[in-house]
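First the structure, in the form of C-alpha cells, and then the observations on it.
Where a number appears in this text, it was derived from the coordinates with a stated rule and is not lab data. These numbers come from a predicted model, not from an experiment. All Cβ positions, even for glycine, are placed from backbone atoms using ideal geometry, and neighbour counts span all protein chains on display.
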Amino acid sequence: MIKKKEIIKEYNKKIELLNKYNKHYYDKNNPLVDDIKFDHLKIEVQNLEKKYIFLKDRLSPTISVGYKPSKNFEKSKHRVPMLSLSNAFDYEDLQNYEKKIFNFLNITKKNDIEYSVEPKIDGISASLTYKEGKLISGVSRGDGKEGELITENLKTIADIPQTIVSKSFPKDIDIRGEVFIANKDFEYLKDKFANPRNAASGSLRQKNPKETKKIPLRFIAYTFGYFDKLSLKKQSEFIQHLKNWGFKVSKFNKVISGIDNLVINHKNFEDQRHDLEYDIDGLVYKINDFEIQKRLGAVGNAPRWAIAHKFSSVSSFSKILNIDIQVGRTGALTPVAKIKPVNIGGVVVSNATLHNEDEISRKDIRVGDTVKIERAGDVIPHVISVDTSKRLNNSKKYYFPQKCPSCGSKVIKEYNNLTKKYDAVKRCTSEGFECEKMAIEKIKHFISKDALNIDGLGKKVVEKFWDLKFIRLPHDIFKLDYNKIEKLDGWGKLSVSNLKYAIEKSRKITLEKLIFSLGIRHIGQENAKIISQHIKNFENFSKISSGFNFENFLNIDGIGETQINSLKKFFSNQTNLIVINGIKKYMILKKSEKTVSGKFKNKTFMFTGKLEGISRAEAKSLIEKNSGKILSSVNSKLNYLIIGDKPTTRKINQAIDLKIKVIKQEDFKKMLN
Ligand code: IVH
C-alpha cells in the first residue's frame, strides 16, 4: 500500500508544477507548456484530490481563482443584469432628471418624490447569491450581464455573512454591494496601487484567496438582483432589512424629498467627504418607492429610477505642454491639453480635455499656460481656468485648425435645427472610412463591449493592427492572418487562440447590436433597436441604398429627421456599402435576448389622444416590456388602436375601415391586468 506521506509528496509536487505553469501563463503571459499538458496535469491533481479526501486543500490550484479575471476566472451570468448609473453634476442636471421622470410618470406636482440617498462608494461592485440563507456564489460586475466567479475571494471578507438565519431573508436572493478598502488600510499598499479602488480590485482578483484575505477588504450592501419573494415597499426598508440580516450598510443613508434638499445635503456631504474612512465619489439617489422604480424601468444599461450625483472633484495645477486635436468616430474634433503629469487625488493625469474651440477662446487657453485641472470620478479631467499671472511674455494665442488634422478635409460646425444654433463642436466632413482617425475609431466602436464585444481585441490592439495594415475596414477583423499575429511581440499561441475564439464568438449577434456596431451617427443602442424591429433582418438593412424610401422610417416612433438624414448620408457613401456587404458574409444573426413575459407577443399598438394618469412613454414601455410593438401609423399591421382623450378622428376611422380593434384606455389596462 502506498503511504499517505508519499501521496502527499507526489500531490505537492504536482501542485507546485501547476502553480509554476499558472504563474507563467497568467502573470508573465508566457506559457511554459501547451494547453493539453496543462489540462492533463490539472486532471491528475483533481483525480488525486477525489481519491484521497485528506488532500482536499481549499487552496488547491484546481479550485482557487486566477491572477487575471478576463483569462482565469470562470464566467457567471447575472440572473438580473448589474446596471450602471447615469450621472448628474449640478442642480440643472438634477432638475432635468426629475423633469424626465415626472414626464414619464405623468406627475405634475413637484417635490413629492422620495429618494433614498446613499453614498456612492468608489470600489468594486459584487453580487452575492444566497440560497436558503447560505452564500452560494459571488460574482463581480463584469460587463453587467456576466461577471467573474470570485466566490472564494469574496468569502474572505469579514463583512460578508456566509449564513443568514433570519426568517424574513428570502429563500433565494442576490445581494449586491461594494467591495472597497478603507483609506487607512490603503496606506501600506500605496506603493503597489494608484488608489484605494485599484487596490481593492487588485486584491479581489488575487489568484489565491489567501492573498485576498491579507487585505482588509470591506463590503457595504445596497441593492439586490434576482429575488424570490421580497414583499418590501421601499428601498429604505430594504436597507433596514439588510442591516437586520447582518450586512453592513452605510451609516450615511438617508431619505430626502425634493431637489433643493438633495442639493443642500450634497453640499454638506462634499465638505466632509475627506473626513470619511473611505473614498466616495458622489451620492446615489434612488426613487424610494419600489412600485415607482418598477414603472420607470431602465433605459440602455442604466435605471431610470436612480442617478448618481457626483462630487465636483479634486483639482491641481499643471502646465500645458501641447494641444492635440483628437478626431472621434463621428468626426468631432476634440482639443486635448497634454500637460506635465500631475497627481490629482491619487491618479496621475497627463491629458485634460479642452472640450471645443469656443471653450479655448473663451478661456484664452494657450500652450505653455499654467492651468487648474479638475478630475471628477471617472470623467476625463478638464481645464477649469488659466493662471494668467504665470503666463510668459512670448505666449501666443491658440488657433483651432480649419482642416481635419487627420485627413485634411474641411471642418464645419453643424447647424442644430432644434436649438437653432450652430454646434460648438467642429467636425471633419468626411463620411465613412476616408479619414484615418475616424476609421480607426469606427473599428474600435465595431469591436466594443456594446457592439461585437470581442475580448482580447482592445483599443490598443486595434491601433497596432491598423499600423501594421492588418485592418482597414471592420470586416478585416474576420480575415486576420493569425500566423502573422502570433509572431508579434507580446503575442503567443495562447493569446492568438483566445483572440480567434473571441472573434469567432462575436459573429453570432443580434440585429440591433449589428446595426449599432456600424457606428452610424445618431443611431445609438435605442435607435438601433427600434430600426432592427422595423427592418427585421440584415438582408433588408443591407439593401438600403440612396434610392430607399426613408419616409417609411419617419413612421417609426423614436426616429426623427436627424436620424433619417444621418442614415441617408451613411448609405450614400460607397465605403459604408462595402463594409455592410463585407460584414454580411461573416455574421450569423441571433434573436434579441428578451427578458419579457411575452403577453403582447406579435401584437402591435398605437395611441391617439391624451392618456389619463400615465405618460405615452410609460405606456409604450409597458407594451414593450410585454413584448408588444408600437406602430406610429394606422396600417393593416396594426392590432390595437388605444384611444385617450381628444383622439384624432381620422385615425379612428382609418382603423375601423381596416377592421383594427379600437380600444379605450380602460380596456388596455384590463389587458395589462
Ligand atoms: S445601486 C442600479 N447603490 O456605482 C444602479 N450603486 O455607477 C447601480 N455604487 O456599479 C447599483 N454605491 O459599483 C448602487 N449605494 C449604491 C452605490 C452604487 C456605489 C456603484 C456600483 C455601481 C456603480 C454604478
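A compact globular protein would have a Cα radius of gyration near 2.2 N^0.38 Å; the ratio found for segment 376-415 is 1.77. Relative to the current alpha-carbon distance between K505 and S257, full extension at 0.36 nm per residue lengthens the span by 84.6 nm.
Take each peptide in 414-420, 206-212, 4-10, count the other Cβ atoms within 10 Å of every residue, and average; sorted highest first, the result is 206-212, 4-10, 414-420. Here the sum of -39500 (n - 2.57) over DSSP H runs of 4 or more residues, divided by the residues of the chain, equals -10000 deg cm²/dmol at 222 nm, to the nearest 500. So if R0 is 35 Å, what FRET efficiency would K192 and R391 give, r being the distance between their Cβ atoms, rounded to the nearest 0.05? The pair K192/R391 has a calculated efficiency of 0.35. Per the Kirkwood definition applied to all pairs of different Cα atoms, how many angstroms is the hydrodynamic radius of segment 287-445? Here the Kirkwood hydrodynamic radius works out to 18.1 Å.
Expressed as a fraction of 2.2 N^0.38 Å, the value expected for a compact globular protein of N residues, the C-alpha radius of gyration of segment 489-587 is 1.26. Setting aside same-chain residues fewer than 8 positions from K500, which aspartates and glutamates have a Cα under 12 Å from its Cα? Straight-line reach from K500, under 12 Å: D455, D481, E486.
Length gained on full extension, D93 to A158, computed as 0.36 nm times the residue gap minus the Cα-Cα distance: 19.6 nm. Diffusion coefficient (Stokes-Einstein, Kirkwood radius over C-alpha pairs, 25 °C, 0.890 mPa s) for segment 559-618: 151 µm²/s, rounded to a whole number. At q = 0.14 Å⁻¹, what log₁₀ I(q)/I(0) does segment 558-673 have when each alpha carbon counts as one equal point scatterer in the Debye sum? Log10 of I(q)/I(0), two decimals: -0.75. In this label model, T575 and N417 are separated by 2.7 nm, measuring between points 7 Å along each Cα→Cβ vector. Can you give the direction-averaged projected area of the convex hull of the alpha-carbon atoms in segment 205-291, in nm²? Mean shadow area of the hull around the Cα atoms is 8.1 nm². Computing Rg and the Kirkwood Rh from the Cα coordinates of segment 376-471 gives a ratio, Rg/Rh, of 1.07. All C-alpha pair distances within the chain, sorted into 10 Å bins from zero, spread as 3, 12, 19, 25, 23, 13, 5, 1, 0, 0 percent across the bins. Take the convex hull of the alpha carbons in segment 597-646; its mean projected area over all directions comes to 3.4 nm². The relative contact order of segment 517-673 comes to 19 percent, based on Cα pairs under 8 Å that sit 6 or more residues apart. Set the Cα radius of gyration of segment 246-359 against 2.2 N^0.38 Å, with N its number of residues, and you get 1.44.
Normalised by the number of residues in the chain, what is the relative contact order in percent for Cα pairs under 8 Å and 6+ residues apart? With pairs under 8 Å counted, the relative contact order is 9 percent.
Sites listed here are chymotrypsin sites (Phe, Trp or Tyr not before Pro) in segment 269-364 whose DSSP assignment is loop and whose Cβ has at most 10 other Cβ atoms within 10 Å, and the list is empty.
Just the number, please: Stokes-Einstein D of segment 132-219 in µm²/s, Kirkwood Rh from C-alpha pairs, 37 °C, 0.692 mPa s. The calculation lands on 235 µm²/s. Spin-label pair A424-K340: with each label point 7 Å from Cα along the Cα-Cβ axis, the two points sit 2.8 nm from one another. On the basis of the beta-carbon distance and an R0 of 41 Å, N244 and K214 show a calculated FRET efficiency of 0.85. Listed peptides 226-234, 170-178 appear in the order 170-178, 226-234 once ranked by packing, highest mean of other Cβ atoms within 10 Å at the front.
Packing, taken as the mean count of other beta carbons within 10 Å per residue, orders the peptides 606-612, 667-673 from highest to lowest as 606-612, 667-673.
Say a paramagnetic label sat at a point 7 Å from the Cα of E146, along Cα to Cβ; which residues of segment 263-302 have their backbone N under 12 Å from it? No residues fall inside that zone. Pairwise Cα distances in segment 133-281 exceed 22 Å for 49 percent of all pairs. For segment 73-163, the Kirkwood hydrodynamic radius comes to 16.1 Å, computed from all pairs of different C-alpha atoms.
Spin-label model, N47/K669: points 7 Å from Cα along the beta carbon direction are separated by 6.9 nm.
Rg/Rh for segment 426-482 (Cα atoms only, Rh after Kirkwood) is 0.97.
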